[in-house]
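So the structure is just underneath, and the comments pick up after that.
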Amino acid sequence: MRKYLILVLLVFICACGSTQQLPDWKDVAFRNFENYKTNFLNGKEGASEPHFYKAKQALSDGNDLNLLARIYLTKYALHTAALEEFDDSEFIHINNLQPNESNFAYYSFLKGSFAAVKDNLLPSNYSGFIKAARSKDMAKAVGEIKSISDPLSRLIACGILVKYLSYDEKILQSAINTSAENGWRRPLWAYLTKLQKYYLDRGETVKAKGIKERLDLLKK
């Protein structure tokens, strides 16, 4: 389920089964955010940000703070999938103006504040993972991640696990495989870099050297 990811906005933008034409500002927001997402995951940062700005501006023109908050949350989720930090100031400002429990639950999830998350407010494909993460049951958490069918949702869960809990070679390799299968350069390089460090920290210099050589080749 892509409630927050591939544009959850669409769930809120148009009613299910509606025959009404999508308002221009919503159509502009959707198309530009899809372009942003694609460019971001493909590592084209320069090309991605203008699309995000246009999507954000379209939602601002529609005066819908809920959708505006969610577009920021989706952006943060993409950064999480690529093991990156994110500036949450815009979401915090919007949420202070118009609090929303579901939005804050997903924000807390992305920040690793598992105790603050109400499970029923998260997308359903994370229900097993959040319980395992909260109890720090790593084996269960890894199993729940592998059961997530949507690759982007799975990669976001991997990012949360690696950033806030613990991880091993298998979960890093799983994230590498998910990224590679979808042609997502940005998270692919991030997880390969993390795997290289994982090997170095454990004194497995031969494996670390192999990953470095692979990265150097991919970046040419």
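For residue 129, the conditions (1) under 25 Å from residue 43 (Cα atoms); (2) part of a helix (DSSP H, G or I); (3) of a type in the set (Phe, Trp, Tyr); (4) free of Cβ contacts under 8 Å to residues at least 60 places away in the same chain are fulfilled apart from (1).
Only one residue in 148, 156, 160 is in contact (Cβ under 8 Å) with a residue 40 or more places away in the chain and more than 22 Å from residue 44 (Cα to Cα). Which one?
160
Which one of 58, 47, 77 is aliphatic (A, V, I, L, M), part of a helix (DSSP H, G or I) and over 30 Å from residue 218 (Cβ atoms)? Don't jump to the end; show me each part of the working.
Numbers: 47 fails: over 30 Å from residue 218 (Cβ atoms); 77 fails: over 30 Å from residue 218 (Cβ atoms).
58 is the lone residue from the list that is aliphatic (A, V, I, L, M), part of a helix (DSSP H, G or I) and over 30 Å from residue 218 (Cβ atoms).
Can you pull out the residues in segment 48-87 that are β-branched (Val, Ile, Thr) and under 20 Å from residue 99 (Cβ atoms)? Correct list: 71, 74. Filtered by the rule that a residue be within 15 Å of the chain's Cα centre (by Cα) and either crowded, with 20+ Cβ neighbours inside 10 Å or at pLDDT below 95 (or both), segment 106-119 gives 106, 107, 109, 110.
The values are calculated or read from the model by the stated rules, or taken from the named source; none is laboratory data. Worth saying up front: this structure is predicted, and the values here are computed from it rather than measured. We place every Cβ from the backbone using ideal geometry, glycine too, and count neighbours over all the protein chains shown.
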